[in-house]
Amino acid sequence: MRLAVFGDIHGNPPALRAALADMRAQGAEAFVCLGDVALGGAWPRECVAEVAALGCPVVRGNADRAMLEPSDSSTSRDVPHEWAVQEVGTWSREQLTDGDRDMLRTYLPTSRLPRLLCFHGSPERDDEELTAETPAERLWELRASHGRQPTWVGGHTHKPLLRTLDGWTLLNPGSVGLPFERRSKWYVNVSRAEYLLLDWTLRGSQPTFRAVPYDVEEVRRGILASGIPHADWLAAEWVSA
């Protein structure tokens, strides 16, 4: 079976559609979404609907959880332009219908298969970052508590990862809708939709990382036409892959 694993869409259907078209062209037979579907982009409702149409397991990300929680403007997260980020989050929440919120409530803490464990941040916390620098002791602690599957896949960091430990593999597909990188002095969002294909063989899982370019102008036009707060700033952050 060829499985496509993807997540961190963040309200960007041009990226999601490009990724799904490539998944199907590559022969994907099943899908798992790692969450963070709607928050932060110009099309939150559209992304909730398009993921729901797949009928696949969807893991709840920290941004999905935030879409269901009241906005707390008193909480400082020490991020650039925090006040603007909070206003974008409030706008995203306000776009959802009751039906959309009901769909987000169906998202799972983890998705478990006999040889695969999928989650957002970590199996323990949706906002934990598992990276190449995470101490091995922490990873073994999680593995002892949450499952012995030989392949783990998580999201949240928006950065692809392949890390092998004794007897198992930790993967991150990157981000479909919001891959970012530092160019010169600034961080920018790049119009490439990142995801992961997994094939199973007698020797275990074989990962293939994919990065699909798409039209950055479609994203910019959508942002400027959406009514989202700080649209000029958000549109200017996008660059071509």
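The values are calculated or read from the model by the stated rules, or taken from the named source; none is laboratory data. The model shown is predicted, which means the values in this text are computed figures rather than measured ones. Cβ: placed from backbone, ideal geometry, glycine included. Neighbour counts: every protein chain shown. Accessible surface areas use protein heavy atoms only, side chains included; no ligands, DNA or RNA. Shrake-Rupley method; radii C 1.70, N 1.55, O 1.52, S 1.80 Å.
Things worth noting here:
- Surface composition of the stretch 1-60: carbon plus sulfur atoms contribute 49% of the solvent-accessible area (1.4 Å probe, protein chains only, all chains present).
- Centre separation in Å (Cα based) which lies between the stretch 124-188 and the stretch 1-59: 19
- Helix-derived mean residue ellipticity, 222 nm - over the chain, DSSP H n ≥ 4, -39500 (n - 2.57), to 500: -9500 deg cm²/dmol
- Over the chain, relative contact order from alpha-carbon pairs under 8 Å, at least 6 apart, %: 22
- The stretch 136-241: C-alpha gyration tensor shape, a/c 1.5 cut-off, then a/b vs b/c: prolate
- Rounded to 5, percent antiparallel among DSSP beta bridges of the chain: 65
- For the pair A21 and L113, label points projected 7 Å from Cα toward Cβ lie 2.6 nm apart.
- At a probe radius of 1.4 angstrom, the accessible area of the stretch 101-150 per residue rounds to 55 square angstrom.
- Using C-alpha pairs below 8 Å separated by at least 6 residues, the relative contact order for the stretch 178-241 is 33 percent.
- Of (i) 51, 42, 41; (ii) 137, 33, 24; (iii) 60, 54, 27, the label for Cα extents along the principal axes in Å derived from the coordinates: (i)
- For H146, neighbours were defined as the other residues whose beta-carbon sits under 10 Å from its Cβ, and their charges (Lys and Arg +1, Asp and Glu -1) total +1.
- Stretch gain in nm, segment R221-E124, where the contour uses 0.36 nm per residue and the Cα spacing is subtracted: 31.1 nm
- J(HN,Hα) series, the stretch 184-201, from Karplus relation 6.51 cos²θ - 1.76 cosθ + 1.60, nearest Hz, glycine and proline x: 6, 8, 10, 8, 10, 9, 10, 7, 9, 9, 9, 7, 10, 9, 10, 10, 9, 10
- Solvent accessible area, Å² - M103, 1.4 Å probe, full protein context: 70
- Gain on full stretching of the segment that runs from T131 to V188 - 0.36 nm per residue minus C-alpha separation: 18.5 nm
- Farthest toward positive dipole pole in the chain [+1 Lys/Arg, -1 Asp/Glu at C-beta], among C47, A193, N62: A193
- Here the accessible area of the stretch 116-241 is 51 percent carbon and sulfur, with a 1.4 angstrom probe and all protein chains present.
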